[in-house]
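Heads up, the thing below is written out as structure tokens.
The values are calculated or read from the model by the stated rules, or taken from the named source; none is laboratory data. Note that the structure is a prediction, hence the values are computed from the model and not measured. Here the Cβ positions follow ideal geometry from the backbone for every residue, glycine too, while neighbour counts run over all protein chains shown.
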Amino acid sequence: MQVKQMLYGQYTGNNKSFPDFVQKEKELEINKCYNENCLDTMAKMPDGFIDLTVTSPPYDNLRTYNGYSFDFEAVAKELFRVTKQGGVVVWVVGDATIKGSETGTSFRQALFFKEIGFNLHDTMIYEKNGTGACGSNNCYWQTFEYMFVFTKGKIKTVHRLDNGKPRTKGGIKTGRITKDGIQKVEKRSDAEGKLQLRSNIWRYNVGFTSGDDKVEHPAVFPELLAQDHIHSWSNEGDLVYDPFMGSGTTAKMAILNNRNWVGSEISEEYCRIIERRITTAST
């Protein structure tokens, strides 16, 4: 009850509505990053607690992460438990190239998410503007990571973003694949005066942060990437989680876009970065 009263004061003091999840008598404070393994943080959460998870875990030893590792399958199962029905998990990962062959870890993880009950809502691409890596002299430059969008049941919140460009005057043609494998083309006449919807390939400057917010971290999330997913799959007042918070970009963008948040970060060094960034974002 003490935790419940503390949270109630926190929300009413900010003129925010008293959210349903505060009714849960769990020893978990929201709008806070926990310096611990994300499994320990999620163990404090009741079932169906999180509206949206946006995260990029360490993968294939491509990032030096202070010697820490994580139990992927245990994390995925806990994410399924704590995600609300209709909620979303955005899982941003890539693959290393070892001895001339990509590991395929990203695909194995995506299939495991499906095996435990998630729907694969969309396989999106994060294209890195102006950078890349080459696994061998025989490969093209790798300039992207996957953004797997998983849902628990039927997705409840979708706000599709536009690309800022006007749609074709006089209508547009849209195509779809039928059960027989035939593409059906339909002309829409309601396009004039509207903006084009984005594709599922999103391009960002790597590690971009706003203003004077300079971050010393090996893999800084682009702020706009986090913000765009927050806008796409959640509403104001929803609870956003990042189990591998890193430099705290997901929390920062949740704050700036009127979402509540919870984070886990096992590195004490990175927690100090997170504390500085969220303090600045909250003022």
Given (1) without any contact (Cβ under 8 Å) to a residue 24 or more places away in the chain; (2) under 18 Å from L224 (Cβ atoms), index of the condition G246 fails: (1)
Y68 being at pLDDT 50 or above, out of contact with any Lys or Arg (no Cβ under 7 Å at 6 or more places or on another chain) and surrounded by fewer than 17 Cβ atoms within 10 Å (Cβ to Cβ): yes
Some residue of the stretch 108-116 being in contact with a helix residue (DSSP H, G or I) (Cβ under 7 Å, 6 or more places away or on another chain), modelled with pLDDT under 95, of a type in the set (A, V, I, L, M) and closer than 30 Å to G237 by Cα: no
Given (1) over 25 Å from C271 (Cα atoms); (2) at pLDDT below 95; (3) under 17 Å from the mean Cα position of the chain (by Cα); (4) not basic (K, R), index of the condition G94 fails: (1)
All positions within the stretch 203-246 that are modelled with pLDDT under 95, surrounded by 16 or more Cβ atoms within 10 Å (Cβ to Cβ) and in a strand (DSSP E or B): Y204
Selection from the stretch 247-264 of residues that are assigned to a helix (DSSP H, G or I), buried (at least 24 other Cβ atoms within 10 Å of the Cβ) and not hydroxyl-bearing (S, T, Y): A251, K252, M253, A254
Test result for E78, free of Cβ contacts under 8 Å to residues at least 60 places away in the same chain, more than 18 Å from V262 (Cα to Cα) and surrounded by 13 or more Cβ atoms within 10 Å (Cβ to Cβ): no
